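Below is one structure; the comments refer to it alone.
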Amino acid sequence: MVARRASAPIFAALAAIIMCVPTASAAPHWGPATPPNPYLGPVGTATMHGDAASSDVTPLPGPGAQAHSVDARPLAAACPTLLEGSDELVVALCTPIIGRTPTVHLLDPKSPALLGGSLAHLELAKGSLLGGVYAYLDNDDRLVAVDGERKLQRISHSRDAEGRWSLHVDETVNLAGAIAEGDNVTGLSPDWDGNVWFATAAGVVGAVDQSGQVRSRTLESGEQVQNSISTSPAGTAVATTHALYQLRLVGGRIEVDWRQAYDRGPARKPGQLSWGTGSTPTYFGPATGSDYLAVVDNADPTVSLRVFDTSSGRDMCTIPVLDGGERPNGSENSPIGIGDSVYVASTYGYPYPATPDGAGPSVPDSAPFGGGLTRVDIDPVGCHQVWNSPIRSAAVPHLSTGDGNLYTVVRSGPESTTPLDTFTFTVLNPADGRVVAATPLPGTVANDTLQMSGTITKAGSYLQGTITGMLQIQSK
């Protein structure tokens, strides 16, 4: 399957068909990652998607393809955000099953599982379902998050003379002047100048400079932001429910570099949390690590990967993914991007227990969870599909350039999904999509990974949030 750039001549597209036939053994080109952001914590563990670019790529080696041990660390909460600081302690932002008040936990993954409960915890003001989910660790290992009262907070941890840990708020910036009451921050990321960018469900984009001054602007009327945002030396990327933007702060004003609309489809699909793209936009590229910007659209019935040139916003390529057939599909996950390769996982039909306020009905009301994972490579005249796997990824996949493996969790059971479905930690070869290791995880829906993101730690463990806490997977 080959997709060409809109501006490429026909003979170039024909040449691509001849020269770029998908092959099961195509070795990925892992070009440079986006340079480390000086205002983030450790590379690979400071954000939900690994870095400011939301690449879902880490240089840290994971558990590998050998036998694995699995420890459950129950917290009675869904834990979508698991971040590791330079001290190798984990800061988790979780939503408790009861009350749903966002809670920050400090965890020590090196402690025995039976003793591995929270070292300390701190509740944040409650907001929307997605409000506050996207937090990050700054270069002082402090959690940066926006709570339900529209306050940007930096939360640090410390230990007293008796060995007791605590979490406390170091700094607070009130964003109420830029964000209306009832609106919530859905995306948060620092840029390379130390400005903290945010985006809200109602389509407000803002930046807080190091002095605490807040600047903001509202994007086009009717556009919402229901995923996180990404930053790179090229700019700040925001995907709304209608279009992809790249922005920057110029002379104290937020300016739009470019805007590209995408096919948002006729309605929200089952297995997605909003009507529009489910992607946090991904910076990647073979030259600078931020040459390109990618999202997955919401076209009906088959979604496409959209790749744009960051310097101009030019459409590099549009290609159907996730088998590209007539069977409906969709994705709520950020694509993996590294070098000239992108990996896209399907979430179509995934049974989320709740959706954000105002998400609207899905069409159809429900659907089987069929799964699918596709690798696409960017070539000189467009892009082409390298492989498509039928695996049913139940988590955001992550790629380790440290060990050359692609990691995710697979949901096992009928496509209709049941409470008896089980989950399997799965390792794939990114060159051809082959499963090279599979380790059953304990329990059934109590350990539903709910399309949440995992984290590979410096010690090589894979931490995966579940609906009731965290799983820790290690090599035996």
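Computed from the coordinates by the stated procedures, all read-outs in this text should not be read as laboratory data. The shown structure was predicted, so the numbers you read here are calculated from the model rather than taken from an experiment. No Cβ is skipped: glycine too gets one built from the backbone with ideal geometry, and neighbour counts run over all protein chains shown.
Using only alpha carbon positions, build the gyration tensor of region 268-348, then give the equivalent ellipsoid semi-axes as the square roots of 5 times its eigenvalues, largest first, whole angstrom. Each step should come with its number before you reach the end.
Values: eigenvalues 101, 27, 24 Å².
Listed largest to smallest, the semi-axes of region 268-348 are 22, 12, 11 Å.
Roughly how many nanometres apart are two label points built 7 Å out from the Cα toward the Cβ at S312 and E181?
4.9 nm
Short version: what are the Cα gyration tensor semi-axes of region 207-320, square root of 5 times each eigenvalue, largest first, in whole Å?
Details: eigenvalues 119, 64, 25 Å².
Equivalent-ellipsoid dimensions as semi-axes: 24, 18, 11 Å.
In Å³ and rounded to a whole number, note down the convex hull volume per residue for the Cα atoms of region 345-476. Intermediate results must be reported in sequence, preceding the final value.
Working: hull volume 19.4 nm³, N = 132.
Here the figure is 147 Å³ per residue.
For A354 and A446 in the same chain, what is the full-extension length gain: residue separation times 0.36 nm, less their Cα-Cα distance, in nm?
Details: separation 92, 0.36 × 92 = 33.12 nm, distance 1.55 nm.
Answer, rounded to one decimal: 31.6 nm.
Which value, in debye to the nearest 20, gives the size of the charge dipole of the chain about its Cα centre, when Lys and Arg are +1 and Asp and Glu are -1 at the Cβ?
Working: 29 positive and 45 negative charges, 93 e Å.
Result for the chain is approximately 440 debye, rounded to the nearest 20.
Using Cα positions and a limit of under 23 Å, work out the lysines in reach of K476, with same-chain residues fewer than 8 apart set aside.
Here the lysines satisfying the reach criterion relative to K476 are K110, K458.
Leaving out same-chain residues fewer than 8 places away, which lysines sit with a Cα under 16 Å from that of K151?
K126
Around I391, with a cut-off of 11 angstrom between Cβ atoms, what is the net charge of the other residues, counting Lys and Arg +1 and Asp and Glu -1?
Details: positive: R392, R411, R434; negative: none.
Counting the neighbours of I391, the net charge comes to +3.
What is the extension gain from Q66 to D365, computed as 0.36 nm multiplied by their sequence separation minus the C-alpha to C-alpha distance, in nm to one decimal?
The Q66-D365 span can extend by a further 103.6 nm.
Two decimals is fine: what is log10 I(q)/I(0) at q = 0.14, 0.19, 0.20, 0.23 Å⁻¹ for region 98-200, from a Debye sum with one equal scatterer on every Cα and no solvent?
Per q value, in the given order, log10 I(q)/I(0) is -0.59, -0.98, -1.06, -1.27.
Between the alpha-carbon centers of region 42-92 and region 219-268, tell me the distance in whole angstrom.
Here the answer is 27 Å between Cα centres.
Calculate the translational D of region 236-282 in whole µm² s⁻¹ from Stokes-Einstein, where the hydrodynamic radius comes from the Kirkwood formula applied to all Cα pairs, the temperature is 20 °C and the viscosity 1.002 mPa s. Walk me through the intermediate numbers first.
Working: Rh = 11.8 Å.
Roughly 182 µm²/s, to the nearest whole number.
Using all Cα-Cα distances in region 63-123, what percent lands in each 5 angstrom bin from 0 up to the longest?
Reading the bins upward from 0: 4, 17, 26, 24, 17, 8, 3, 1.
Under the √(5λ) rule applied to the eigenvalues of the Cα gyration tensor, what semi-axes describe the equivalent ellipsoid of region 304-370? Give them in Å, descending.
Working from the Cα gyration tensor, I get semi-axes of 26, 15, 12 Å.
So for region 136-289, Kirkwood radius off the Cα pairs, Stokes-Einstein at 10 °C and 1.306 mPa s: how many µm² s⁻¹?
Values: Rh = 16.6 Å.
Translational diffusion coefficient: 96 µm²/s.
Taking a quarter of the surface of the convex hull around the Cα atoms of region 47-169, what do you get in nm²?
Numbers: hull surface 35.4 nm².
Reported value for the Cα convex hull: 8.8 nm².
Modelling each spin label as a point 7 Å along the Cα-to-Cβ direction, I'd like the R327/A27 distance in nm, to one decimal.
3.2 nm
Per DSSP helix of 4 or more residues, -39500 (n - 2.57); summed, then divided by the residues of the chain. What does that give at 222 nm, rounded to the nearest 500? Each step should come with its number before you reach the end.
Details: 1 runs with 10 residues, N = 476.
Rounded to the nearest 500, it is -500 deg cm²/dmol.
Suppose a student asked you for the relative contact order of the chain, using Cα pairs under 8 Å spaced at least 6 residues apart; what percent would you report?
Working: 1412 pairs, mean separation 92.0, N = 476.
It comes to 19 percent, rounded to a whole number.
Starting from the Cα of V169, step 7 Å along the direction of its Cβ; do the same at S221; then give the gap between the two resulting points in nm.
In this crude label model, V169 to S221 measures out at 3.6 nm.
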